[in-house]
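Bear in mind that the values in this text are calculations on the coordinates, not laboratory data. What you are looking at is a predicted structure, and each value in this text was computed from that prediction instead of being measured. Positions of Cβ are backbone-derived with ideal geometry, glycine not excepted, and every protein chain shown enters the neighbour counts.
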Amino acid sequence: MPLTDPSLFIGSYPFRHVPHPDPDVLVRVMDREGIDHAWVGHLPSAFHRDPAAGNAELHKALEPYRARLAPAPAVRPDFPGWERALDEAVAGGAAAIRVYPPQWRLAPGDAGLGDLAIASGEHKLPLVLTVRFEDLRQRHPLDTAGDVTAAAVRSLARADEMVRLVVCAAGKDFIEEVHWGLTPDEQSRVLWDISWIWGPPEDHLAKLFRTIGPSRFVFGSQWPLRLVQAPRANLELLPDDFVGATLGDPAALYR
Amino acid sequence: MSSQLVDAHAHFLHAGCGRTDWADVNAARFRAGAKMGITCHVASVLGSYGFTSPTYFPSPADVTAGNDAMLALCESEGARVRMLVTVNPNHTAHALAELKRCLKRGAIGVKLLASRRADDPLLDPICAFAAEHALPLLHHIWQHRTREWPNQEISDGADLARLAVRHPRVSFILAHIGGGGDYQHTFHAVRDVPNILADISGSGVDRGMLDDAVCQIGAGRLLFGTDLTMETGLAKLRALGATGLLSDGEIEDIKWRNAARIFGAARLGVA
C-alpha cells in the first residue's frame, strides 16, 4: 500500500521560524523517508481571515509536484459563498478540505462546519483537522486560538454518514474521548494520524492499537513543524506483536 | 547504530508509585532501549510520582523510597542502568544524607526536580556536594518561565544559569529542551555558561530545534536523552544527521562521549 501522509503543510508559520517549508524540499524529505504521497495544506492560511489567496498560492506551488503532492485547501464555512470555494477545491483536484475551527472561532457543533463536512462528503472529500500546531506550553502570547476540541470532532463525525474526517495531532486521551463517544458507524468515519501519540515507555500508541485497532490510524508527521522522522520511529518501537501492523489509508476513506 | 548510546535522562517507576502497570512501563523502556541501541540508561526515580506526595515536591520518605527502588534496579540490571540521586532541597539534611548514602552504593549524579527555584541558596549545599564528588546535576527545566504553573516551582535556563555561575566546577544538565516551553529562550540563556549542558529529550520534535541547539550551544554541550518519550528520542537521533551541521564525531559526542566526559567513562561503564 502506498504511504500517504495527510498532515503536511507548506509555507511559513507566524509564531516561529520554520526551516525551508517548501514543496521541493518536502518531496526530497518524502523520498528520504519513504513517503509516497502527501495531502498538503497551506500553513499561513490557517491564520489568515480569508484563506482564498492562500489556496491559490497552494495550487500554484504544488503544480510541478502533483504526482506526489495533492492540495488540501481550506474552506471557511462562515464566509458567504463557501460553496463556491468548495467547488473550486473540487475542480482543482483537492484530496481533502482543511478546516481550522479554533482559529476561525467556530464552536463545537457549529452548523456551518457541519454543512461543509456534509457537502465535502458528497464530493468524497474528507475534512482534515489539526488539533494543535504547537505544544501548549511554548505558544506565542498572541497565539490564543486554543486546540480543536474532542466535542467538535464528535459533532462532525455525527453530522452525516457521508462525512469522513482525518484528525491530526491528537493525543491518546483526546482520541479515546472521541472514539468511545461515537457509534461503531461513526467511529469508522474518523482516521487519526500518529504524529502526537506517545510511544514507549508509556506505549500510548500500542495501547490504542490494542483497544481501537491500527486500521483507524494513519502515518502523519506534521512537517514542516515537526520532525518527519518521529512517526516512523514510533512505529519501529512498538511491541513486537505490532511491528509491521497495517495502518489505515486516508486515500481509501471513500472506497 | 554506534556501539554506545547513553540516555542521559531516563526514569523508572516502582511499586510505590500507585500504578499497577509500573513493571510494564519499565519493561517497555528496556524493550525500546534495546531496539534503539541504548547501552546505558542514566535514570532516576521521582519519589512516588504523585501517589503519596507530589512528583515535583516529593516528601523525604518518598525520596528515600524512590532512591531505594533505583538502587535495587541498578543492582539487578548491572551495566545498563546508572543512577541519579533524587533530592528535595527544601530538606537539606535529608538531601545530603541521601546523596552520601546513594553515592556509596554507586550513584553517579544528582537529580533535582522543581521543588525550589534553581537559583535559590538552598541548592548551594547540594551543588557543593556535587562539586566535591564530581557528580553532574540534572535539573528539571521549564523552557522560558513566564508565569507560575501549578504543581511545580518551575525554573528556566536563566535561573539555572545563575546557579551554574555560582558553582563552576559542577556540570549541570539542563533537562529536556523538547520538554515544553520556549527552547529558543533557553539557548540564549545558557549559551555563555559553559558548565551547562542540555539534554535533547522531551516529547517536542520541532523542526529547527536541534539546528538551533547545535548552532547556539554547540555539539560539545548536548546530550542524548529520552525522558518520557523514547520515540522522539529516536527521531532526534536520526535527525541529528539530517541537520547537515554535525560531523560523525560530533554526533558521537552527543550520543555518548559528552556523557562519558562529565560522568566519567569508568562510572558510566563505557569504553
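By the rule of a C-alpha distance below 24 Å, with chain neighbours fewer than 8 residues away ignored, the lysines paired with A:LYS124 are A:LYS60. Counting Cβ atoms of other protein chains within 10 Å of each Cβ in B:22-31 and taking the mean gives 3.
Distance between the pseudo-spin-label points of B:GLU132 and B:ALA34 (7 Å out from Cα toward the beta carbon): 4.2 nm. As a proxy for reagent exposure, B:THR186, B:THR64 were ordered by neighbouring Cβ count within 10 angstrom, fewest first; the result is B:THR64, B:THR186. The lysines within cross-link reach of A:LYS172, meaning a Cα-to-Cα straight distance under 26 Å and a gap of 8 or more places when in the same chain, are A:LYS207, B:LYS35, B:LYS236. By the count of neighbouring beta-carbon atoms within 10 Å, fewest first, B:LYS104, B:LYS111, A:LYS207 end up ordered B:LYS104, A:LYS207, B:LYS111.
For segment A:4-252, the Cβ-based charge dipole about the Cα centre amounts to some 360 debye (Lys, Arg positive; Asp, Glu negative; other atoms uncharged).
Using Cα pairs under 8 angstrom and six or more residues apart, how large is the relative contact order of segment B:6-268, in percent? Taking the mean separation of contacting Cα pairs over the length of segment B:6-268, I get 16 percent. Report note on the peptides B:148-157, A:95-104: ranked by the mean count of other C-beta atoms within 10 Å, highest first, their order is A:95-104, B:148-157. Using only side-chain charges placed at the Cβ, +1 for Lys and Arg and -1 for Asp and Glu, the dipole size of the protein assembly as shown relative to its Cα centre rounds to 1100 debye. Spin-label model, A:ASP185/A:GLU161: points 7 Å from Cα along the beta carbon direction are separated by 0.5 nm. Give the shape of segment B:6-268 as rounded, prolate or oblate, defined through the alpha-carbon gyration tensor: a ≥ b ≥ c are the square roots of its eigenvalues, a/c under 1.5 means rounded, and otherwise the shape is prolate if a/b is larger than b/c and oblate if not. Since a/c stays below 1.5, the shape of segment B:6-268 is classed as rounded. Ranked by how many other Cβ atoms sit within 10 Å of their own Cβ, fewest first, the residues B:MET36, B:MET230, A:MET1 fall in the order A:MET1, B:MET36, B:MET230. Taking Cα centre as origin and charging only the Cβ of basic (Lys, Arg, +1) and acidic (Asp, Glu, -1) residues, the dipole magnitude of chain B rounds to 500 debye. For segment B:112-271, just say rounded, prolate or oblate: build the C-alpha gyration tensor, square-root its eigenvalues into a ≥ b ≥ c, call rounded for a/c under 1.5, and beyond that prolate if a/b exceeds b/c, oblate if not. Judged from the Cα gyration tensor, segment B:112-271 comes out oblate (a/c at least 1.5, b/c at or above a/b). Within 10 Å of the Cβ of each residue in B:198-207, the mean number of Cβ atoms contributed by other protein chains is 5.
At an R0 of 35 angstrom, the distance between the Cβ atoms of B:LEU96 and A:ASP240 translates into a FRET efficiency of 0.20. Put a dot 7 Å past the Cα of B:LYS104, heading toward its Cβ, do the same for B:ALA271, and the two dots end up 3.6 nm apart. Toward the positive end of the charge dipole of chain A, with +1 on the Cβ of Lys and Arg and -1 on the Cβ of Asp and Glu, the farthest Cα among A:TYR254, A:PRO73, A:THR149 is that of A:PRO73. Here r is the Cβ-Cβ distance between B:ARG169 and B:ALA23 and R0 is 60 Å; the resulting FRET efficiency, rounded to 0.05, is 0.95. Between B:ALA15 and B:ARG261, the FRET efficiency from the beta-carbon distance, with R0 = 51 Å, is close to 0.90.
Peptide B:234-241 is shielded by partner chain Cβ atoms: per residue, an average of 5 of them sit within 10 Å of its Cβ.
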